Number of protein chains: 2
Amino acid sequence: MLKELVMKNRSCRRFHQEIPVQRETLEQLIDLSRYVASPHNMQPLKYLIFCDEENNEKIFSTISWARYIESWKGPAQGERPPSYIIMLGDTAIKDHFEREAGIAAQTIMLGATEIGYGGCILGSAHQDKLREYLKIDNRYRILLVLAIGKPAEKVVLEEAGPDGDIKYWRDKDDVHHVPKRKLEDIILE
Amino acid sequence: MLKELVMKNRSCRRFHQEIPVQRETLEQLIDLSRYVASPHNMQPLKYLIFCDEENNEKIFSTISWARYIESWKGPAQGERPPSYIIMLGDTAIKDHFEREAGIAAQTIMLGATEIGYGGCILGSAHQDKLREYLKIDNRYRILLVLAIGKPAEKVVLEEAGPDGDIKYWRDKDDVHHVPKRKLEDIILE
């Protein structure tokens, strides 16, 4: 059932780095994105796949992790993502991509969750560095980095309290807590 | 399996208008969106639900349909959407919403498809009119209109040809054809 999959699909920032994700698996996830809605069906999204140590390290160095957990500078060696999908917008097709980037990214991450992986949709990569390291042509806008692997952290959802604080946090057992707004607070009418 | 659901979830523009969608059903679909990824977990999306004739007509009058099918001015009386979800961005929380609007919209439409409905993610509503008709406060950015109902059209996917033409079209039996780019054309590396 979709609800179970949606709830299981938690943003994950620590991985079993030693468990690889095959390139073929990542291709199958991208294949899912071919069938999603695209404004005027223009389908301007393009993809790069990385699952080798050298490129992974380059990509990792461009990313900021978990803004609200200031004491944590990101996953340590051994718990870093074993693979990345980089989503690009092809400016030869159109020049705005954000909405369909979201549609495609969610579909890919749900697909990853269904087959036992997890990951994080990262919008925080340092664009110029990433472009330089991976030699990405200026024709392509860098939209999102999807980190994908076998999750090595526990994430729990909780209800945002009456103060409306939505900052995620980690408890003493290193469990990651994510407060979500209540349904009655998001439906206005 | 997710792939089946993703493929079944076709943008649909003609509905069995006489088959209503209950408000409770639309609330359950919006509930799905509470559990999706949101940058910095800020969750700025808010929703309006409409499933009554008077408001539906107002909303319908603000929408442009199917740009590529010039001879068709949109669904006729009797095949119009029986319900709408309007997605808003709460500027009291943040000021850019597009990516997570896509993430949430896709999740809601997959949920609708799972329970036998279908619909269309519409970004083309005339914003000023919609705001006026529905008395939407300036605090909220109008992001998307999701038309939802029981589909009354056949949509088939096909592979985009070598010329790369992605314009959808209708055949003589009124079947809606949607060309999708090949996997090898969207994975660059």
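The values are calculated or read from the model by the stated rules, or taken from the named source; none is laboratory data. Predicted model, so just to flag it, every value in this text is computed and none were measured. Don't worry about glycine lacking a Cβ; one is built from the backbone with ideal geometry, like all the others, and counts go over all protein chains shown. Remember, those area values only see protein heavy atoms, side chains included, never the ligands or the DNA or RNA. Shrake-Rupley method; radii C 1.70, N 1.55, O 1.52, S 1.80 Å.
Farthest toward the positive end of the dipole of segment B:127-181, out of B:I166, B:A152, B:I142, is the Cα of B:I142, where the dipole comes from beta carbon charges about the Cα centre. For chain A, what is the per residue volume of the convex hull drawn over the alpha-carbon atoms, in cubic angstrom? Residue-normalised Cα hull volume stands at 148 Å³. With helices as the sole contributors, chain A gives -8500 deg cm²/dmol at 222 nm; each DSSP H run of n ≥ 4 counts as -39500 (n - 2.57), and the sum is divided by every residue. On the basis of the beta-carbon distance and an R0 of 22 Å, B:S124 and B:T91 show a calculated FRET efficiency of 0.55. Here the 3J(HN,Hα) profile of segment B:31-36, calculated from phi with Karplus coefficients 6.51, -1.76 and 1.60 at θ = phi - 60°, is 4, 4, 5, 5, 9, 8 Hz, Gly and Pro shown as x.
Taking amide H as placed 1.01 Å from N in the peptide plane, B:S83 has its amide H under 5 Å from the amide H of B:I148, each at least 5 places away in sequence or on another chain.
Under a model in which nothing but the beta-carbon of Lys, Arg (+1) and Asp, Glu (-1) is charged, segment B:95-135 shows a dipole of about 140 debye around its Cα centre. Give the shape of segment A:1-48 as rounded, prolate or oblate, defined through the alpha-carbon gyration tensor: a ≥ b ≥ c are the square roots of its eigenvalues, a/c under 1.5 means rounded, and otherwise the shape is prolate if a/b is larger than b/c and oblate if not. Since a/c reaches 1.5 but b/c is at least a/b, the shape of segment A:1-48 is classed as oblate.
Taking amide H as placed 1.01 Å from N in the peptide plane, the amide H of B:R181 sits under 5 Å from that of B:A160, each at least 5 places away or on another chain. For segment B:71-189, a simple Cβ point-charge model (Lys and Arg +1, Asp and Glu -1, everything else neutral) yields a dipole of about 540 debye relative to the Cα centre.
For segment B:95-174, the relative contact order comes to 31 percent (Cα pairs under 8 Å, sequence separation of at least 6). Summary for A:V156: label point 7 Å along Cα→Cβ; distances to the equivalent points in the other copies, ascending, 5.2 nm. Along the axis of the charge dipole computed for the protein assembly as shown (Cβ charges of +1 for Lys and Arg, -1 for Asp and Glu, origin at the Cα centre), the listed residues A:V6, A:I121, B:H96 are led at the positive end by B:H96. A 1.4 Å probe, protein heavy atoms only, puts the accessible area of B:W169 near 100 Å².
Alpha-carbon geometry of segment A:27-77: the Rg and the Dmax are 16.0, 44 Å, given in that order.
Here the chain B residue lying nearest the rotation axis onto A, judged by its C-beta and given with the distance in whole angstrom, is B:G102, 1. Annotation for B:W65 and B:Q22: the two label points, set 7 Å from Cα along the Cα-Cβ direction, are 2.7 nm apart. In sequence order, segment B:61-73 has phi-based couplings of 5, 9, 9, 9, 10, 6, 3, 7, 10, 5, 7, 10, 9 Hz under the Karplus curve 6.51 cos²θ - 1.76 cosθ + 1.60, θ = phi - 60°, and Gly or Pro positions carry x. Put a dot 7 Å past the Cα of B:K58, heading toward its Cβ, do the same for A:Y133, and the two dots end up 5.1 nm apart. When DSSP beta bridges are restricted to pairs lying wholly in chain B, around 80% turn out antiparallel. With a threshold of 26 Å on the Cα-Cα distance, the over-threshold entries among A:K8/B:K8; B:K154/B:K182; A:K8/A:K172; A:K58/B:K182; A:K46/A:K154; A:K46/A:K150 are A:K58/B:K182; A:K46/A:K154. Label segment A:104-189 by shape, choosing from rounded, prolate and oblate, from the square roots a ≥ b ≥ c of the eigenvalues of the Cα gyration tensor; if a/c is under 1.5 it is rounded, and otherwise prolate applies when a/b is larger than b/c, oblate when it is not. Prolate, since a/c reaches 1.5 and a/b exceeds b/c. Here's the picture: charge each Lys and Arg Cβ at +1 and each Asp and Glu Cβ at -1 in segment A:1-61, and of A:C51, A:I19, A:I30 the one pushed furthest to the positive end of that dipole is A:I30. The charge dipole of the protein assembly as shown, taken about its Cα centre with unit charges on the Cβ of Lys, Arg, Asp and Glu (plus for the first two, minus for the last two), comes to roughly 320 debye. Between rounded, prolate and oblate, where does the protein assembly as shown land on the alpha carbon gyration tensor, with a ≥ b ≥ c its root eigenvalues, rounded for a/c under 1.5, else prolate if a/b exceeds b/c? Because a/c hits 1.5 or more and a/b fails to exceed b/c, the protein assembly as shown counts as oblate.
Measuring between their Cα centroids, segment B:1-47 and segment B:118-189 lie 15 Å from each other. Using a probe of 1.4 Å, the accessible surface attributed to A:C51 totals some 60 Å² when neighbouring protein chains are kept in position. Inter-copy label distances at B:E27, shortest first and taken from points set 7 Å along Cα to Cβ: 4.7 nm.
For segment B:5-22, the Karplus equation 6.51 cos²θ - 1.76 cosθ + 1.60, evaluated at θ = phi - 60°, returns couplings of 5, 4, 6, 6, 6, 8, 4, 10, 10, 10, 10, 7, 4, 6, 9, x, 10, 6 Hz by residue, with Gly and Pro reported as x. Could you grab the relative contact order for chain A? Cα pairs under 8 Å, six or more apart, rounded to a whole percent. After rounding, I find 28 percent. Taking amide H atoms as placed 1.01 Å from N in the peptide plane, the amide H of B:A152 lies under 5 Å from those of B:R14, B:F15, B:H16, each 5 or more residues away in sequence or on another chain.
Model label points for A:W169 and B:I115, set 7 angstrom from Cα along the Cα-to-Cβ axis, are 3.4 nm apart.
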